[in-house]
Amino acid sequence: MDKNELDNNKLPALSKRLQTVADMVEPGSKVADVGTDHGFVPIYLAKAGLASHAIAMDVRKGPLERATQHVKEYKLEDVIETRLSDGLEKLLEGEADTMICAGMGGPLMQKILENKDPRSVKLKTLILEPQSELMQFRIFLREKGYEIVQEEFLLEDGKYYPVIKTCVNDEIFSENLPRVYLNAIDKLKQILDSKKENYTDFQLLRICDRFGPCILTSPNADFKSFLVHEKAVCDTILGKISDVKDSHIKRAEQISLERSDINIALHLFDL
């Protein structure tokens, strides 16, 4: 075999980020990979026996053509089909139980979920890797009934990534918070009470939305590194706008609030 060809007897090598996404898929799942790009995630899932069937979807013809070629090279045409689709637009009811969406900004991912409700096609699990506007995206998930059941936080090539696994609830949360949020809030309360620090329930909910309730419940070294980095960024910004003018007041308040949330989250590593 030419060295430039794919070895269809081996699993394709995934980045740390995409491997984390793939590891969240339950064995035997029917997967819809939205924004599949080169198609290596569904190929990995099929070769590893994690996906019984997969639909590799992309809105762009170029990447989809490459994904189709890769599926053929791995001889997986009976397991993986490729489909030109804007988000979930071309997914039919019952074709998949698990949706993967990775490598997009949070607002675009939110738009995909708003344009076609995953409930309408009987999806049960969403595995999401948003790359921007994380706090707003978690708020959206919480308010729309997508319950976070697992979240991993990792550092790769100098960038930090969260990977979120949710279950799709038939009922949207109203006044009651998901259990994972309650657990994270209880943990934060215990820490802050022990330090005799004041807090409000609204503040604790905001911290959960900002950093992720699962991440707060089981913080890792990459998350600590992220917090230290973000605190330094906040300090730098506040230093530059220390001579606050009217146009900077709101920005200074936002950064100060974020810095305060970071300091509380850092208490998790005092244990």
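Let me have the 222 nm mean residue ellipticity of the chain computed from DSSP H runs of 4+ only, each contributing -39500 (n - 2.57), with the sum over all residues rounded to the nearest 500. Can you show the working numbers first?
Numbers: 10 runs with 122 residues, N = 271.
Taken over the chain, the calculation gives -14000 deg cm²/dmol.
Each residue, THR200 and ASP157, gets one label point 7 Å from its Cα in the Cβ direction; the gap between the two is 4.2 nm.
Ligands, DNA and RNA are left out, and with a 1.4 angstrom probe the accessible area of the chain is 51 Å² per residue.
This model, with +1 at the C-beta of Lys and Arg and -1 at the C-beta of Asp and Glu, gives the chain a dipole about its Cα centre of some 360 debye.
Of all DSSP beta bridges confined to the chain, the antiparallel ones make up roughly 40%. Between segment 113-158 and segment 29-96, the alpha-carbon centres lie 20 Å apart.
Under a point spin-label approximation (7 Å from Cα along Cα-to-Cβ), what is the LEU11-PHE269 distance to one decimal in nm? Inter-label distance under the simple model: 3.0 nm.
With the cut-off at under 11 Å, measuring from each backbone N in segment 11-32 to a point 7 Å along the Cα-to-Cβ line of ALA48 picks out 11-27. Give the angle, between 0 and 90 degrees and rounded to the nearest 10, that separates the Cα long axis of helix 179-194 from the longest principal axis of the Cα atoms of the chain. Roughly 30 degrees between the two axes. Of the residues PRO162, PRO219, PRO130, the one that moves most in a GNM of the chain with alpha-carbon contacts below 10 Å is PRO219.
Relative to the globular-protein estimate of 2.2 N^0.38 Å, the Cα radius of gyration of the chain stands at 1.12.
Hey, any idea what % of the chain's accessible area is carbon plus sulfur with a 1.4 Å probe? Mind showing how you got there, number by number?
On the way: 6600 of 13880 Å².
On the chain, the fraction of accessible area on carbon and sulfur atoms equals 48 percent.
Estimated from the Cβ-Cβ distance and a Förster radius of 25 angstrom, the FRET efficiency linking ARG251 and LEU108 is about 0.50.
The values are calculated or read from the model by the stated rules, or taken from the named source; none is laboratory data. Values in this document were obtained by computation on a predicted structure and should not be read as measured data. Cβ: placed from backbone, ideal geometry, glycine included. Neighbour counts: every protein chain shown. Please note that ligands, DNA and RNA were not included when accessible areas were found on the heavy atoms of the full protein model with its side chains. Shrake-Rupley method; radii C 1.70, N 1.55, O 1.52, S 1.80 Å.
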